[in-house]
Amino acid sequence: MPLTVLESIAVALVTRLEGMVNSSTYETNVSSVIRPTRNGGEYNIEDLQIVVRQGSEEIVDDLSYPGNPPLICKRQVFNLRCHVLPSELESTPIDTTINTFQADVIKCITSGANWYQFGSLAIDTKLLAVELINEDGGIGGFNLPVEITYRHSENDPYEVRA
C-alpha cells in the first residue's frame with residue numbers, strides 16, 4: 001500500500017530515531033521509540049523513551065505554486081516527547097540526563113548530508129525551541145517540536161513535488 005508524502009516523512013523520522021535504540025553512537029541509550037495508536041496505544045512510559053506525536057499542520061501559500069496540478073506546500077509539526085524517569089537511587093542530576101538526551105536526539109535527527117530533506121521528501125526542516133517537562137517526583141524530560149516543510153500535488157497527496 002502506498003504511503004502519503006506526510007506518512008512517508010513520519011516513517012522516515014521514526015526510523016531515524018529508532019537508530020538510537022541500543023546504539024553505541026550516542027551517549028543516551030534510548031529504550032524505545034513509540035508512535036501511539038488512535039487512543040494513545042498500549043505503551044508504558046519508560047526511562048529514555050521517545051514518543052512521536054503528529055501536531056499541527058499549516059498550508060504555506062508563499063511556497064505553493066500554480067500549475068496543472070498546483071503544488072501545495074505544508075508545514076507539519078512532529079512533537080518528540082522524550083521521557084526521563086530515572087531510578088530513585090540515581091545520583092546523576094536529572095538535568096544532566098535531559099541535556100545529554102536532548103543533544104543526542106538533535107545529533108540523530110541532523111546527521112547526514114541533506115538531513116533536512118528526509119530523503120527528498122521535504123524541502124526544509126527546523127528544530128523548534130525545546131519545551132521542558134518537569135513533574136516533581138514523576139516523569140521528566142522534554143518535548144522537541146520538529147517542523148517539516150514539504151510539497152505535494154494538490155490532487156495527489158501521494159506525489160512528492162519539489
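Derivation of every value follows stated rules applied to the coordinates shown; laboratory data play no part. No experiment lies behind these values; they were computed from the predicted model shown. Cβ coordinates were reconstructed from backbone atoms using ideal geometry, including for glycine residues, and neighbour counts include every protein chain displayed.
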Check: If you stretched the chain out fully between T92 and D124, how much longer would it get, using 0.36 nm times the residue separation minus the C-alpha to C-alpha distance?
Finding: 7.9 nm
Next item on the list: Evaluate the distance, in nm, between pseudo-label points positioned 7 Å from the Cα of S23 and of S56 along their respective Cα→Cβ axes.
Entry: 3.0 nm
Next item on the list: Let me know the charge dipole size of the range 5-162 about its Cα centre in debye, to the nearest 20, where only the beta-carbon of Lys, Arg (+1) and Asp, Glu (-1) is charged.
Entry: 480 debye
Notebook entry, point to check: Among residues other than V5 whose Cβ falls under 15 Å from its Cβ, what is the net charge (Lys/Arg +1, Asp/Glu -1)?
Noted result: -2
Item checked: Cα coordinate range in the range 50-113, projected on the principal axes (Å, largest first) -> 62, 26, 15
Next item on the list: Determine the percent antiparallel among the DSSP beta bridges restricted to the range 1-91, to the nearest 5.
Entry: 70 percent
Check: Among all stretches of the chain without exposed GluC sites (Glu not before Pro) (DSSP loop, at most 12 other Cβ atoms within 10 Å), which one is longest?
Finding: 43-87
Check: Helix 94-109 sits at what angle to the longest principal axis of the chain, using alpha carbons and giving 0 to 90 degrees rounded to 10?
Finding: 30 degrees
Note to self: Placing one identical point scatterer on every Cα of the chain and ignoring solvent, what is log10 I(q)/I(0) from the Debye formula at q = 0.11, 0.15, 0.18, 0.20 Å⁻¹?
What the structure shows: -0.49, -0.83, -1.10, -1.28
Next item on the list: Tell me which residues come under 5 Å, amide H to amide H, from I123 once H is placed; ignore anything under 5 positions away on its chain.
Entry: T149, Y150, R151
Checklist line | Dipole magnitude of the range 26-112, debye to nearest 20 (Cβ charges: Lys/Arg +1, Asp/Glu -1, about Cα centre) | finding: 400 debye
Check: In whole angstrom, how long is each semi-axis of the equivalent ellipsoid of the range 1-53, when you take the square root of 5 times every eigenvalue of its Cα gyration tensor and sort them from largest down?
Finding: 22, 16, 7
Checklist line | Over the chain, relative contact order from alpha-carbon pairs under 8 Å, at least 6 apart, % | finding: 25 percent
Check: Could you list, bin by bin from short to long, the percent of Cα-Cα pairs of the range 11-98 in 10 Å steps?
Finding: 14, 34, 26, 16, 8, 2, 0
Margin query: Can you tell me the orientation of helix 5-18 relative to the chain, as the angle in degrees between its alpha-carbon axis and the longest Cα principal axis, to the nearest 10?
Written below: 30 degrees
